[in-house]
1. Inside region 122-140, can you point out the residues that are over 13 Å from Ala48 (Cα atoms) and either touching an Asp or Glu at 6+ places or on another chain (Cβ under 9 Å) or in contact (Cβ under 8 Å) with a residue 40 or more places away in the chain (or both)?
2. Which one of these does Gln80 not meet: (1) open to solvent by less than 80 Å² (accessible area, probe 1.4 Å); (2) modelled with pLDDT of 90 or more; (3) over 17 Å from Glu121 (Cα atoms)?
3. Restricting the search to region 67-77, which residues are within 19 Å of Asp101 (Cα to Cα), open to solvent by less than 60 Å² (accessible area, probe 1.4 Å) and outside any strand (DSSP E or B)?
4. Kindly indicate which of Thr64, Thr46 is of a type in the set (S, T, N, Q), open to solvent by 20 Å² or more (accessible area, probe 1.4 Å) and in contact (Cβ under 8 Å) with a residue 60 or more places away in the chain.
5. Would you mind finding the one in Ala18, Ala90 that is more than 24 Å from Arg165 (Cα to Cα), open to solvent by less than 40 Å² (accessible area, probe 1.4 Å) and assigned to a helix (DSSP H, G or I)?
6. Just to confirm my filter: which strands (runs of 3 or more DSSP E) fall fully inside region 93-159 and include at least 3 residues that are surrounded by fewer than 18 Cβ atoms within 10 Å (Cβ to Cβ)?
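The values are calculated or read from the model by the stated rules, or taken from the named source; none is laboratory data. All values derive from a computational prediction rather than experimental measurement. Neighbour counts run over all protein chains shown; Cβ positions are idealised from the backbone, glycine included. Surface accessibility is based on the protein's heavy atoms, side chains included, excluding ligands, DNA and RNA. Shrake-Rupley method; radii C 1.70, N 1.55, O 1.52, S 1.80 Å.
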Amino acid sequence: PRPGPPPPEALALLRRRAERLRAAPSDAAEDASLLWAAEFSLGEDTYAIALDALRAAVPLRLVTPVPLSAPHVIGILRWQGQMITAMSLAAMLDASGWRLDPAVLLVVDPGWGALTALDCEQIPKPTAYPRARVEEARATTDGPVLPLLLPGEPRRRVQLIDLKRLLDRRRAEGRRDG
């Protein structure tokens, strides 16, 4: 027996998806003007990391605690045959804390090849930001967090994390302390 036609709701959903795909920008110049990022909440604030630095999202339960480690170190985990340090993002940013207990680790490459994992409440969602706003924010701060005020109603504030700056700062602190 052949299956019947799809229900009207399914057809409507497929039509909406097709319309969205047709309307999606395919212009390479327009894509170059955007920075794709993984956006998530940390407490009451919205944070993001560049999507090209994100390698995976894995369950937090994979972490093995490390006794007597630095306060920002949660532990270690094995991912694709590599030992990776898992760190508390809230502790590294001196943020007020999570609304929910973190359940996910974001495996990231800060740019020098050594992977690191950062805790997160949930799997982040992909979002695009105007690259010009990102470069303006990068030029106005030396810190690891770039404040972005995004257009729209209501205006949104997102804290874009520069992983290189954040983790370079931690590596430098570790060399001074050790």
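1. Correct list: Pro130, Arg131, Ala132, Arg138.
2. Here Gln80 meets the rest and fails (1).
3. The answer is His72, and nothing else.
4. Only one candidate passes the filter, namely Thr46.
5. Checking each option against the conditions leaves just Ala18.
6. Output list reads 125-130, 145-150.
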